[in-house]
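Student: Below are the structure tokens for one structure; questions will follow.
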Amino acid sequence: MINTYFDKKALTEVDQVLSMLEDKDLAKIPNKIIETIRTNKDNTYELDMQKLERGEMLEDTKKVLGTIYSYYLASEDEKDVIFKLIKIKSGVNEKK
């Protein structure tokens, strides 16, 4: 089973990062995903923007952003590399 629970503070960080994207990139992400992030984020969490800009973020933030990038923002060549690395890391052998 896939873990679909993420820290609400992480979703707040993700929303902030997404708000910094150019409109053309944000448009590549399905509205349902953006709505889910915004609905489930912690509205009381006060972000430290300096830390976030330095890349200091919660582990769940990194996971969500990595997934969004891999599926929606990466070029086709980047996707090929990312998913090959995932297969290697998970022990999936393409020859099987």
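The values are calculated or read from the model by the stated rules, or taken from the named source; none is laboratory data. Not measured: the values here are computed from a predicted model. Glycine also receives a Cβ, built like all others from the backbone with ideal geometry; neighbour counts cover every protein chain displayed.
Student: Within the range 1-18, take every residue that is modelled with pLDDT of 95 or more and among the polar types (S, T, N, Q) and give me the one that is surrounded by the most Cβ atoms within 10 Å (Cβ to Cβ).
Tutor: Here the residue is 12.
Student: Right, another one. Taking the range 1-55 on its own, how many of its residues are over 16 Å from residue 69 (Cβ atoms) and assigned to a loop (DSSP other than H, G, I, E, B)?
Tutor: Final tally of qualifying residues: 15.
Student: Go through (1) surrounded by 11 or more Cβ atoms within 10 Å (Cβ to Cβ); (2) farther than 28 Å from residue 23 by Cβ; (3) touching a residue at least 40 places away in the same chain (Cβ under 8 Å) for residue 59 and report which single condition fails.
Tutor: Tallying (1) surrounded by 11 or more Cβ atoms within 10 Å (Cβ to Cβ); (2) farther than 28 Å from residue 23 by Cβ; (3) touching a residue at least 40 places away in the same chain (Cβ under 8 Å), residue 59 fails exactly one: (1).
Student: Please verify whether residue 96 is in a loop (DSSP other than H, G, I, E, B) and at pLDDT below 90, treating the condition exactly as stated.
Tutor: yes
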